[in-house]
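Worksheet: one structure, shown below.
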Amino acid sequence: MGERYSLLMDVLYRISMWVAGLGLLVMVAVIPVGIFARYVLNSALSWPEPVAIICMVTFTFVGAAVSYRAGSHIAVSMVTDRLGENARRWCLILADLMLMAISLFIFWYGAALCAELWEQPVAEFPVFTAGESYLPLPIGSAITILFIIEKLFRGPQHHRPVVMLGSTS
């Protein structure tokens, strides 16, 4: 059962990595278009800013889940490095449980925000509603929750080949 869950998380990890990467790529491509149109063509476009914001929210929340599973997130380990093995393990479990609480909070209130703003149009970019533009909050936090569950029951996953893809270590 646990191995199947990890294989499913491997697929979710790859998809999340691509989504976060594409969000970053689109944002980096769209911002110069807006700058070029505004300062060179003297014709400001209305859509680059909302598209860049949607992309930024996407790669932030989905990318955070990817970073968590890969173990490449920012961590201050000054105190835990000086603890014994047993105390260090309990501190890491406590940190994961605290991240679970934060992720549940973001999921709950992110979903409520999406529901509240679902019908509200974005004037500059009418393809999306305001609620749809905030969907990466509950989706990214749900992915993080799934990765936390995996880590709590199966241990850290940063050593798996799918996670180490492209790593130099």
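The values are calculated or read from the model by the stated rules, or taken from the named source; none is laboratory data. These figures come from a predicted structure and were not determined experimentally. FYI the Cβ positions are ideal-geometry reconstructions off the backbone, even for glycines, and counts take in every protein chain you see. Just the protein is used for accessible areas: all its heavy atoms, side chains included, with ligands, DNA and RNA removed. Shrake-Rupley method; radii C 1.70, N 1.55, O 1.52, S 1.80 Å.
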Result for the chain: accessible area per residue, probe 1.4 angstrom, in square angstrom, of 65
In Å³ per residue, the alpha-carbon convex hull of the chain encloses 145
Summed over the other residues with a beta carbon less than 13 angstrom from that of Gly110, with K and R at +1 and D and E at -1, the charge totals -2
Of every hundred units of 1.4 Å-probe accessible area on the chain, the number belonging to carbon and sulfur atoms, as a percent, is 72
Checked the stretch 92-169 against the a/c 1.5 cut and the a/b vs b/c comparison, axes a ≥ b ≥ c from its Cα gyration tensor; verdict oblate
Taking Cα pairs closer than 8 Å and at least 6 residues apart, the relative contact order of the stretch 1-86 in percent is 34
Rounded to one decimal in nm, the spacing of the 7 Å Cα→Cβ label points at Val162 and Leu92 is 2.1
Here the gain from full extension of Glu116 to Arg14, 0.36 nm per residue of separation minus their alpha-carbon distance, amounts to 33.7 nm
With -39,500 (n - 2.57) per DSSP H segment of 4 or more residues and division by the full residue count of the chain, the 222 nm estimate, nearest 500 deg cm²/dmol, is -24500 deg cm²/dmol
Note to self: C-alpha centroids of the stretch 129-164 and the stretch 90-107 sit apart, in Å, by 12
P(r) over all Cα-Cα pairs of the stretch 1-98, 5 Å bins from 0 to the longest distance, whole percent per bin, short to long, reads 2, 11, 14, 14, 13, 12, 11, 8, 6, 4, 3, 2, 0
If R0 = 41 Å, then Trp47 and Glu85, at their Cβ-Cβ distance, give a FRET efficiency to the nearest 0.05 of 0.15
